[in-house]
Amino acid sequence: MSTIPTKTRRVDIGDAEIHVEITGSGPDLMLVAGLGGRGAFWNKQIQEFAQHFRTITFDHRGCGDSTPDKVVYGAEHMAKDVLALMDAMEIERANLVGHSTGGAIGQHIALDAPERLGKLVLSCSWAGPDTYLTELFRNRREILISCGPLAYLTMGTYLAMPPRVLQKQMGDARQFMEERLAAFPGLEVELSRINAVYTHDLRSEVHKISVPTLCIGAEDDGITPPGFTEELAKLIPGANLHLLDRGGHFCPIASTETYNPAVLDFLRV
């Protein structure tokens, strides 16, 4: 498969500038990252998806190469950023794949502006919290505050990535974690993003989603366990459910060979 060139843009959405990368041509496909907020999360999807779609990735406000030091005020605020980005790029309608917190963003858009979406993929996401999720992120928050970004990022990496993949990547543990630390957006921004996870609860609303939806996750996901994906598929009328045998929370990275075909099969129908 030949490499499709990527174009980079910086898009003004009013109170922030968003770093955007565009690859391929065809119907618009927005890939929305999770808590980390960086478009690079999708590096293992971009080239394959760009064979069929104009594939758009971006760094959330406060993250990556977008305007720094910009806090968020919940998943609904982040969803408004995506709609503002679509407006600024003159994208009337797009398919959207949202991973984890990106899926929370996608739920808000599907409820508030369904006419802007073609198809929706909720990847390792959740409709609302339970005790497991609440305690997990409460502890992650405490680790960030008490122990600092390095301990917080280390814990998050071990939780999200299956050992079979992580062991191969961590040839040099120090360099591995320093690369992640370099992408850390700052304490205030990260705490605001964790709060967006804490407060996302559309469990009583998602039954109103009318956009064709695929709910995809992994059986061994330790951050948003498969019950969350099953719940979304049950609550959203007509939603498709696809659970991968393995891949953990970062299954788009760890199980690309099964994740990508499942998403493309849904989007291309």
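The values are calculated or read from the model by the stated rules, or taken from the named source; none is laboratory data. Just so it is clear, the model here is predicted, and its values are computed rather than measured. Cβ placement follows ideal geometry from the backbone for every residue including glycine, while neighbour counts extend to all protein chains displayed. Areas reflect the complete protein model, heavy atoms only, side chains present, ligands, DNA and RNA absent. Shrake-Rupley method; radii C 1.70, N 1.55, O 1.52, S 1.80 Å.
Tabulated values for the structure
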| quantity | calculated |
| --- | --- |
| Residue match in region 61-73 (condition: part of a loop (DSSP other than H, G, I, E, B), touching a Ser or Thr at 6+ places or on another chain (Cβ under 7 Å), within 26 Å of F228 (Cβ to Cβ) and among the small types (G, A, S)) | no |
| From I109, I105, residue being open to solvent by less than 30 Å² (accessible area, probe 1.4 Å), assigned to a helix (DSSP H, G or I) and farther than 19 Å from G62 by Cα | I109 |
| Residue in region 130-188 that is farthest from S204 (Cα to Cα), counting only those that are among the charged types (D, E, K, R), over 21 Å from the mean Cα position of the chain (by Cα) and part of a helix (DSSP H, G or I) | R174 |
| Residue in region 220-243 that is farthest from A40 (Cα to Cα), counting only those that are outside any loop (DSSP other than H, G, I, E, B) and open to solvent by less than 10 Å² (accessible area, probe 1.4 Å) | L232 |
| Residue satisfying all of: in region 37-60; of a type in the set (K, R) and not in a strand (DSSP E or B); most open to solvent (accessible area, probe 1.4 Å) among these | K44 |
| Residues located in region 168-203, provided they are open to solvent by 80 Å² or more (accessible area, probe 1.4 Å) and touching a residue at least 60 places away in the same chain (Cβ under 8 Å) | E188, T199, D201 |
| Per-region count, region 88-99, residues open to solvent by 10 Å² or more (accessible area, probe 1.4 Å) and either closer than 29 Å to P225 by Cβ or in contact (Cβ under 8 Å) with a residue 24 or more places away in the chain (or both) | 5 |
| Conditions (1) closer than 28 Å to T67 by Cβ; (2) of a type in the set (S, T, N, Q); (3) open to solvent by less than 60 Å² (accessible area, probe 1.4 Å); number of the one not met by T134 | (1) |
| Pairs with Cβ under 6 Å, 6+ apart, first in region 61-72 and under 17 Å from L83 (Cα atoms) and touching a residue at least 40 places away in the same chain (Cβ under 8 Å), second of a type in the set (D, E) and part of a loop (DSSP other than H, G, I, E, B) | S66/D59 |
